[in-house]
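I have placed the structure first, in the form of structure tokens, so that the comments after it can refer back to it.
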Amino acid sequence: MAENTQATIAVYGAGLAGCEAAWQAANMGVAVKLYEMKPHKYTPAHHAPGFAELVCSNSLRSDSVTNAVGLLKEEMSRCGSLIMEAARATRVPAGSALAVDRTAFSDYITDKIRNHPLIEVIDKEMCEVEEGRITVIATGPLTSDAMAGYIADELGCHGLHFFDAAAPIVDADTINMDVAYFASRYNKGDADYINCPMTKEQYEEFYNALISAQEAELKEFDRKEQKDLTVFEGCMPVEVMARRGHDTLLYGPLKPVGLVDPRVGEEAYAVVQLRRENLEGTMYNLVGFQTHLTFPEQKRVFRLIPGLENAEFMRYGVMHRNTYLNSPGLLDATYALKTRSGVFFAGQMTGVEGYIESAGSGLVAGRNAALLALGREGQVFPRETMLGAMAAYVSEGSVQGKGHFVPMNANFGIIPSLGERVKGGKIAKYERYAARALEALEPYRTI
């Protein structure tokens, strides 16, 4: 599309949300100045110079429209999402989930962004919004102190903090396959997961070691926020989960249901799953094992898992601060700041949680920033869609409007009810949700 010389926006941050916002705007004919502080400066969680770096997991979760995040992916794909295009191009086997090769994923997006004729990449940290410039702030949950201060003080958006954690990765060649086995839960999709079965006695030993293991000391930038500590449920450290009760893990990441060991023909007492981290299958991450244990403790405790007794860790789990806005009342359903025209937010700092959710907010914010630059009316996605439901949750909070605003993954609970009972169980109901959402999305696919 030809450039509209009168229409220009700025996007701060080249993560998933920022790249999606820039891509959407540029494909509408709006010139984009994309500012990214890497490689000159990194957050505590980022290490590679490329755009859209995945730091918590390579899994983008379910790929079925009967799952909320799967529906969100389909909506984004139909809206020309760069993030979804890259994910499809760099996916690795992961059963019914969509997982990607992290490096290839980042490289794909970086190349597309840098070679778009209407996107100018500027390697610079931005600490304020330029006067008169329509701007999308997508600096991420670990935005720099200077930018965070500007957002809080100048824009009047007081941030909250929570902590999330990344799971460790092991060398595939060091997994004992005489003990572990390949399978997917309920045999859904291909047998892409490595499963480490535990007897009751082995679980007891592991559980007791886990709940008493030493946690890493908080870094200074985390420690000063400790009084406001909130652990987000969707990325809870495994040791925190374990301390909630002896059997909590058996209903979470160590759930054995649907995983039959083909060598014995039955389910184990507990099962730890490992998911492929890269296309070559040389690295596997421990599913659901986000952690804040010290590195020596991770090695000691996680080697108690049958099959991982000699595992070599290619990356240990880490925990870091994330910042998000108290968005209800601050942002509207286009992710625009209500108190200052021309300023939009996107990504986890808005209160959406997850890679795909962040990219989805970038899609909506980028489109609306471009529409504003073009002098056109904004686009509010229908609440029946997952894109619209997330925007509504961010702008309004819970239905009851009670309690503290907390980050939210895509889920069918934030979409308006069907208003009738659906025969056929949960899957049939979610199929109806998906069909309604995709029908409602149709007029919004293109602008």
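What the table shows:
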{"read-out": "Share of carbon and sulfur in the accessible heavy-atom surface of the range 93-182 [1.4 Å probe, %]", "value": "46"}
{"read-out": "Whether the range 252-298 is rounded, prolate or oblate, judged on the alpha carbon gyration tensor where a/c under 1.5 counts as rounded", "value": "oblate"}
{"read-out": "Distance violations [Cα-Cα > 29 Å] among 73/112; 112/188; 38/112; 33/338; 188/423", "value": "112/188"}
{"read-out": "Selection from 51, 440, 248, by position along the positive dipole direction of the chain (Cβ)", "value": "440"}
{"read-out": "Förster-model FRET efficiency, 25 Å R0, residue 199 and residue 243, C-beta, rounded to 0.05", "value": "0.65"}
{"read-out": "Estimated inter-spin distance, residue 300 and residue 179, nm [label 7 Å along Cα→Cβ]", "value": "1.8"}
{"read-out": "Partner aspartates and glutamates for residue 426 [C-alpha distance under 19 Å; skip if fewer than 8 residues away on the same chain]", "value": "63, 384"}
{"read-out": "Angstrom value of the Kirkwood radius, inverse mean 1/r, which spans all Cα pairs in the range 250-406", "value": "19.2"}
{"read-out": "Portion, in percent, of the accessible area of the range 249-359 that falls on carbon or sulfur, probe 1.4 Å", "value": "55"}
{"read-out": "Over the range 357-447, relative contact order from alpha-carbon pairs under 8 Å, at least 6 apart, %", "value": "31"}
{"read-out": "Solvent exposure of the range 321-447 as accessible area per residue, Å², 1.4 Å probe", "value": "43"}
{"read-out": "Dipole axis of the range 96-197 (+1 Lys, Arg; -1 Asp, Glu on Cβ), positive-most option in 119, 152, 98", "value": "98"}
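The values are calculated or read from the model by the stated rules, or taken from the named source; none is laboratory data. Given the structure is predicted, the values throughout are model-derived calculations rather than measurements. Don't worry about glycine lacking a Cβ; one is built from the backbone with ideal geometry, like all the others, and counts go over all protein chains shown. Each accessible area value is taken on the protein alone, full model and side chains, heavy atoms only, with ligands, DNA and RNA left out. Shrake-Rupley method; radii C 1.70, N 1.55, O 1.52, S 1.80 Å.
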